[in-house]
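Let me begin by presenting the structure, written as structure tokens, before commenting on it.
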Amino acid sequence: MGKYLGRMPVEMLSDRKIRPTEYRKWRHAEERFNRRDKDRRIIEELEESIPTRGLTVPIQLGISARYPTDVYVADGHHRAVALRNLGVSDFPFHWYWINNSRVHWESEEFPYHVLGL
């Protein structure tokens, strides 16, 4: 069986639900991307392509087994920012558990209860 491919509301990409890995808050990621030409171009290209083609590469979400309510974007920060800017309703994703420095990609449904849903 392959990786689970789900869809989730973009509103879950928030500081209280699914956080960015490399940044303390989504605002910090957005500010950094706006300051750097390369990042700004990536966001602009995504904002042009997503309305016509959708998001073609799923966002990767990680959940810490140690802190199961800690859900974060492991890969796809630029895509997440573009989706948030566009006000898109939902996004495709894969997810994994991280246990003792080991990543296990899941084929099972995402545990939405960890987001308080």
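Here are the numbers:
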| read-out | value |
| --- | --- |
| Odd one out for Phe91, checked against (1) in contact (Cβ under 8 Å) with a residue 60 or more places away in the chain; (2) open to solvent by 20 Å² or more (accessible area, probe 1.4 Å) | (2) |
| Test: residue in the range 31-44 that is touching a Ser or Thr at 6+ places or on another chain (Cβ under 8 Å) and open to solvent by 40 Å² or more (accessible area, probe 1.4 Å) | no |
| Residues satisfying the stated conditions in the range 57-73, i.e. open to solvent by 30 Å² or more (accessible area, probe 1.4 Å) and within 14 Å of Met12 (Cα to Cα) | Gln60, Thr69, Asp70, Tyr72 |
| Candidates Leu115, Leu83, filtered to the one that is surrounded by 11 or more Cβ atoms within 10 Å (Cβ to Cβ) and modelled with pLDDT under 95 | Leu115 |
| Out of Ile50, Ile18, sole residue that is modelled with pLDDT of 95 or more, over 18 Å from Tyr4 (Cα atoms) and open to solvent by less than 80 Å² (accessible area, probe 1.4 Å) | Ile50 |
| Options Gly76, Gly2: the member that is among the small types (Gly, Ala, Ser), at pLDDT below 95 and either surrounded by 12 or more Cβ atoms within 10 Å (Cβ to Cβ) or out of contact with any strand residue (DSSP E or B) (no Cβ under 7 Å at 6 or more places or on another chain) (or both) | Gly2 |
| Qualifying positions in the range 2-24 - of a type in the set (D, E, K, R) and under 19 Å from Gly116 (Cα atoms) | Arg7, Glu11, Asp15, Arg16, Lys17, Arg19 |
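The values are calculated or read from the model by the stated rules, or taken from the named source; none is laboratory data. On a predicted model such as this, the values are computed, not experimentally measured, just so you know. Here the Cβ is made from the backbone with ideal geometry for all residues, glycine too, and neighbour counts use every protein chain on show. The accessibility values were calculated without ligands, DNA or RNA, using every heavy atom of the protein model including side chains. Shrake-Rupley method; radii C 1.70, N 1.55, O 1.52, S 1.80 Å.
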